[in-house]
Amino acid sequence: MTAQRLAVTLGDPAGIGPEVLVKAFAALPEDPGVTLFVLGSLSPLEQALNEAGLEIPIRMIDRPEDAQPGPGIQLLDPFKQSLEGLARGEPSALGGAASVCYFEAAVGFGLAGLIDGVVTCPINKVAVQQAGFHADIGHQEILARLTQAPLTATMLMTQGLKVAHLSTHLSLAKAVGYVRTPILMDKLKLTHEHLVAWGYPKPVIAVAALNPHGGEAGMLGREEIDEIQPAIATLQTQGLDIRGPYPADSIFNRAIAGEFDAVLALYHDQGHIPIKVHNFSASVTATMGIPFVRTSVDHGTAFDIVGQNCADHEGLLQALRAARLMLQQRLDAF
């Protein structure tokens, strides 16, 4: 059986990506079933190894096909520019350009079928903007641009809880306007399809309400009646096990207790907060709607702790584990 090939992107080289990456690679058990290589630059990795007191051999490669299973870091540098003068611990055009370059290369390899999945370290939205990528707020927008996917969605997951999102990078005012029956149906069908592909033959998906107490029969808002319930009812007639809407202050506890396989949250913070309160250090982001697996750490570049050797690498270990389980159709084991 051919080993799964996963590319790990360094993220912003001025952030904690290099530190969590070298720590995660040092902690990874030997696994002949996976081939890992890194898309990034040499100098930040060497600096991170020195600061962490780790000795991990780094081997430069030119193509994904050159990577082989085994210990050490296999590094492919698509940026091919010096990072001399990069100010660590702050956003910059140089760091933003490098981080987008690493990720764009990974997406290209995924579209070409040269890798099975991408695991990403954090990029910085300000740095990406400084580098001139004004339409790209984050990884998901870059993915949508490069893959030309008609519909993408984010799912956050940690042990015992999986939360898909109707919207993410929208203001709260715009997110409320996004709660519409056709959009709900599309995102719910996308979530159902990916859960089936990842190992849930008959997934149960619950939908969070938008308004307090689920709208109280329209007294606190009508989105549940006018938009959410019709979407759920239509999908139920198509054989999907979609339930709700349930008040957001109780739905996540019910999911953690095992009543649902996943929850659809209706905006960024509604879904992110329960995941990160439940188990932030082990939480992972996955992208739905693209033709290859993509997972990511849930934390940011943490510029304030760069160089202090205190960044937690558990999120990257879990992102790598989740990617492998998705490819094996065993995400229910996460």
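The values are calculated or read from the model by the stated rules, or taken from the named source; none is laboratory data. No experiment lies behind these values; they were computed from the predicted model shown. Cβ coordinates were reconstructed from backbone atoms using ideal geometry, including for glycine residues, and neighbour counts include every protein chain displayed.
Quick one: is residue 235 over 24 Å from residue 326 (Cα atoms) and free of Cβ contacts under 8 Å to residues at least 12 places away in the same chain?
no
Can you name the number of the only condition in (1) under 24 Å from residue 147 (Cα atoms); (2) touching a residue at least 60 places away in the same chain (Cβ under 8 Å); (3) not acidic (Asp, Glu) that residue 69 fails?
All conditions pass for residue 69, except number (1).
If you go through the stretch 305-334, how many residues are in a loop (DSSP other than H, G, I, E, B) and either touching a strand residue (DSSP E or B) at 6+ places or on another chain (Cβ under 6 Å) or in contact (Cβ under 8 Å) with a residue 60 or more places away in the chain (or both)?
Residues that pass the stated criteria total 10.
Could you pull out the residue among 187, 174 that is under 17 Å from residue 270 (Cα atoms), basic (Lys, Arg) and surrounded by 23 or more Cβ atoms within 10 Å (Cβ to Cβ)?
The conditions single out 187.
Please work out if residue 65 is surrounded by fewer than 23 Cβ atoms within 10 Å (Cβ to Cβ), more than 25 Å from residue 322 (Cβ to Cβ) and of a type in the set (D, E, K, R).
Judged against the criteria, residue 65 is not a match.
Restricting to the stretch 151-184, name every residue that is of a type in the set (A, V, I, L, M) and under 14 Å from residue 263 (Cα atoms).
Residues satisfying the conditions are 153, 155, 156, 157, 161, 163, 164, 166, 184.
Tell me, which strands (runs of 3 or more DSSP E) lie completely within the stretch 256-304 with 3 or more residues that are farther than 26 Å from residue 8 by Cα and outside the structural domain of residue 159 (by TED's automatic domain parsing)?
On the way: elements: 262-265, 284-288, 293-297.
Fully inside the stretch 256-304 and qualifying: nothing.
Run down 75, 114, 94, 54 and say which single residue is within 13 Å of residue 10 (Cα to Cα) and either surrounded by fewer than 23 Cβ atoms within 10 Å (Cβ to Cβ) or outside the structural domain of residue 2 (by TED's automatic domain parsing) (or both).
None of the other options fit; the residue is 75.
From the residues in the stretch 166-202 that are β-branched (Val, Ile, Thr) and in a loop (DSSP other than H, G, I, E, B), which one is farthest from residue 328 (Cα to Cα)? Even if it seems obvious, please write down each step before you answer.
Keep residues of the stretch 166-202 that are β-branched (Val, Ile, Thr), which gives 168, 176, 179, 181, 183, 191, 196.
Those left that are additionally in a loop (DSSP other than H, G, I, E, B): 168, 179.
On the way: 168: 27, 179: 33 Å.
Among residues in the stretch 166-202 that are β-branched (Val, Ile, Thr) and in a loop (DSSP other than H, G, I, E, B), the one farthest from residue 328 (Cα to Cα) is 179.
Among the residues of the stretch 117-132, which ones are hydrophobic (A, V, I, L, M, F, W, C), within 21 Å of residue 167 (Cα to Cα) and surrounded by 21 or more Cβ atoms within 10 Å (Cβ to Cβ)?
Across the stretch 117-132, the qualifying residues are 123, 128.
Identify, please: which residue in the stretch 78-91 is within 24 Å of the chain's Cα centre (by Cα) and not charged (D, E, K, R) and is, among those, surrounded by the most Cβ atoms within 10 Å (Cβ to Cβ)?
91
So which residues in the stretch 95-132 are among the aliphatic types (A, V, I, L, M) and out of contact with any strand residue (DSSP E or B) (no Cβ under 9 Å at 6 or more places or on another chain), if there are any at all?
Going through the stretch 95-132, the residues among the aliphatic types (A, V, I, L, M) turn out to be 97-98, 100, 105-107, 111-112, 114-115, 118-119, 123, 126-128, 131.
Result: 97, 98, 100, 111, 112, 126, 127, 128, 131.
Being in contact with a helix residue (DSSP H, G or I) (Cβ under 9 Å, 6 or more places away or on another chain), of a type outside the set (A, V, I, L, M) and in the same structural domain as residue 256 (by TED's automatic domain parsing) is the requirement here; does residue 167 meet it?
It is true that residue 167 is in contact with a helix residue (DSSP H, G or I) (Cβ under 9 Å, 6 or more places away or on another chain), of a type outside the set (A, V, I, L, M) and in the same structural domain as residue 256 (by TED's automatic domain parsing).
Being on the phi > 0 side of the Ramachandran plot and touching a Phe, Trp or Tyr at 6+ places or on another chain (Cβ under 6 Å) is the filter here; which residues of the stretch 61-102 pass it?
89
Keeping to the stretch 188-202, report how many residues are touching a residue at least 60 places away in the same chain (Cβ under 8 Å) and touching a helix residue (DSSP H, G or I) at 6+ places or on another chain (Cβ under 9 Å).
The total comes to 7.
Those residues that are among the aliphatic types (A, V, I, L, M), assigned to a helix (DSSP H, G or I) and either touching a helix residue (DSSP H, G or I) at 6+ places or on another chain (Cβ under 7 Å) or modelled with pLDDT under 95 (or both), I need them from the stretch 203-238; list them, please. First the steps, then the outcome.
The initial filter retains those residues of the stretch 203-238 that are among the aliphatic types (A, V, I, L, M), namely 204-210, 217, 219-220, 225, 228, 231-233, 235.
Still in the running and assigned to a helix (DSSP H, G or I): 225, 228, 231-233, 235.
Answer for the stretch 203-238, where residues must be among the aliphatic types (A, V, I, L, M), assigned to a helix (DSSP H, G or I) and either touching a helix residue (DSSP H, G or I) at 6+ places or on another chain (Cβ under 7 Å) or modelled with pLDDT under 95 (or both): 225, 228, 231, 235.
Would the stretch 164-187 turn up any residue that is within 13 Å of the chain's Cα centre (by Cα) and at pLDDT 95 or above?
Initial filter on the stretch 164-187 (within 13 Å of the chain's Cα centre (by Cα)): 164-165, 168.
With the extra rule that they be at pLDDT 95 or above, the set shrinks to 164-165.
Yes; the residues of the stretch 164-187 include at least one that is within 13 Å of the chain's Cα centre (by Cα) and at pLDDT 95 or above.
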